[in-house]
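The values are calculated or read from the model by the stated rules, or taken from the named source; none is laboratory data. In this text the structure is predicted, and so the values were computed from the model without any measurement. Neighbour counts run over all protein chains shown; Cβ positions are idealised from the backbone, glycine included.
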Amino acid sequence: MYTATNTRILVPEFDYVRPSSLPVALAELAQTGRQNRPILGGTDLLVQMKMERRTPTCLVDLNDIAELRGIAMTQKGLSIGAATTIRQLAGAQAARDHYRALVEACNAFSTVPIMVMATIGGNLCNASPAADTAPALLVFDAAVELVSQAGRRTLPLHEFLVGPGETALRDGEIMVSVRLGRPAQGTGSAFIKIARVAADISKASAAVSLVRDGDRVADCRIALGAVAPTAVRIERAEACLAGKRFDAEVAEEVAEIVAQDIRPITDVRATKEYRRTASRAIAMDALKTAWKRAGEGRVA
Ligand SMILES: Cc1cc2nc3c(=O)[nH]c(=O)nc-3n(C[C@H](O)[C@H](O)[C@H](O)COP(=O)(O)OP(=O)(O)OC[C@H]3O[C@@H](n4cnc5c(N)ncnc54)[C@H](O)[C@@H]3O)c2cc1C
């Protein structure tokens, strides 16, 4: 006997294929009259299938496709294959050297068994408002590379994330990689997450990346997670900070704008009032940490 919320067993039957090339995977996904679905780590999809929220006809496992693997740093910035696991990204030297907020977001990710299975592509394509990598990627102006049989396109991450569980992915399209610009000299960044317990998804998260020029903030990005339908940049707060001398008073002013501009809801994890208060606090802490790191003389 099972119920629709029994997460221990997988009831509906489905096919499984594991192509080793992108064209074959795209052909599998393009088959008409079937609900074929990509899978990477399965840490979101298998839970949804067990709860019968998704019932794909065939799982197309993308893990053997070379183009979805690897992390590479160039003059332009970082390229991360969609099948890169959260654990691999947390340990990647290029990420540790230049994208500290992203590494902190990966290290805040649940437990090691989840980190070794979960991927950056799955985290973004699942489009949870609480996805940990999303705010950290937004502050580095990330873009995603998408491929289908119709061709290839690149979208800024903020356009890719449309709503809870909703992305700009078209039918039959695969996310191949995530691209980040190279941070300017004098950049510091930080990510902070609040969750009920370490293994849980966030009640609220904040990421900041800023460029320090002496005692002023030359440029900045501020993004929040789990407090709006998608991870969001708070552009009014960024505009308030850019060009200003950084001190505790300015940090407080900026954090107050963050608290005003988010759109939190009440759910099982937290009330909207809690989320607003917590967001103000973590935005301020992330700002101060990013500022301090920006003064350490290396891009982080
Ligand atoms: C116990 C537990 C704890 C968790 N803790 C956290 C946490 O702390 N922070 C957090 O952010 N998340 C957490 N999650 C959620 C989940 O682990 C992440 O969202 C993870 O990154 C999903 O990646 P995946 O590779 O497992 O995705 P999958 O489950 O394989 O796929 C997710 C979705 O993306 C689609 N998809 C996958 N790859 C592609 C692609 N290349 N192109 C197009 N579509 C694709 C799939 O069809 C599916 O709809 C947790 C989940 C569990 C079960």
If only one of LEU59, LEU89 is crowded, with 20+ Cβ neighbours inside 10 Å, farther than 21 Å from MET115 by Cβ, within 12 Å of the ligand (Cβ to nearest atom) and of a type outside the set (Lys, Arg), which one is it? LEU59
Taking region 260-290 and keeping only residues that are in a helix (DSSP H, G or I), among the hydrophobic types (A, V, I, L, M, F, W, C) and touching a residue at least 60 places away in the same chain (Cβ under 8 Å), one is left with ALA278, ILE282, ALA283, ALA286, LEU287, ALA290
Here's a check for you: in region 92-120, which residue that is of a type in the set (D, E, K, R) and over 19 Å from ALA131 (Cβ atoms) is farthest from the ligand (Cβ to nearest atom)? ASP97
From the option list ARG54, ARG18, single residue qualifying as over 17 Å from the mean Cα position of the chain (by Cα), within 26 Å of THR133 (Cβ to Cβ) and within 9 Å of the ligand (Cβ to nearest atom) is ARG54
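Conditions (1) surrounded by 11 or more Cβ atoms within 10 Å (Cβ to Cβ); (2) at pLDDT 95 or above, marked per residue:
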{"site": "MET1", "(1), (2)": "no, no"}
{"site": "THR5", "(1), (2)": "no, no"}
{"site": "LEU10", "(1), (2)": "yes, no"}
{"site": "GLU13", "(1), (2)": "no, no"}
{"site": "GLU28", "(1), (2)": "yes, yes"}
{"site": "GLY33", "(1), (2)": "no, no"}
{"site": "LEU40", "(1), (2)": "yes, yes"}
Residue selected from region 247-280 under the condition surrounded by fewer than 16 Cβ atoms within 10 Å (Cβ to Cβ) and under 21 Å from the mean Cα position of the chain (by Cα), by the criterion nearest to ARG100 (Cα to Cα): ARG263
Scan region 207-214 and tell me whether some residue there is farther than 26 Å from THR271 by Cβ, within 14 Å of the chain's Cα centre (by Cα) and surrounded by fewer than 16 Cβ atoms within 10 Å (Cβ to Cβ). no
Residue ID - farthest from the chain's Cα centre (by Cα), chosen from residues in region 128-153 that are away from the ligand (no atom under 14 Å from the Cβ) and free of Cβ contacts under 8 Å to residues at least 60 places away in the same chain: ALA150
Of all residues making up region 214-237, the number that are assigned to a loop (DSSP other than H, G, I, E, B) and either touching a Cys at 6+ places or on another chain (Cβ under 9 Å) or among the small types (Gly, Ala, Ser) (or both): 4
Could you pull out the residue among LEU102, LEU137 that is under 19 Å from ALA195 (Cα atoms) and either at pLDDT 95 or above or of a type outside the set (Lys, Arg) (or both)? LEU102
For residues in region 233-243 being touching a helix residue (DSSP H, G or I) at 6+ places or on another chain (Cβ under 6 Å) and surrounded by 15 or more Cβ atoms within 10 Å (Cβ to Cβ), which is nearest to VAL217 (Cα to Cα)? LEU241
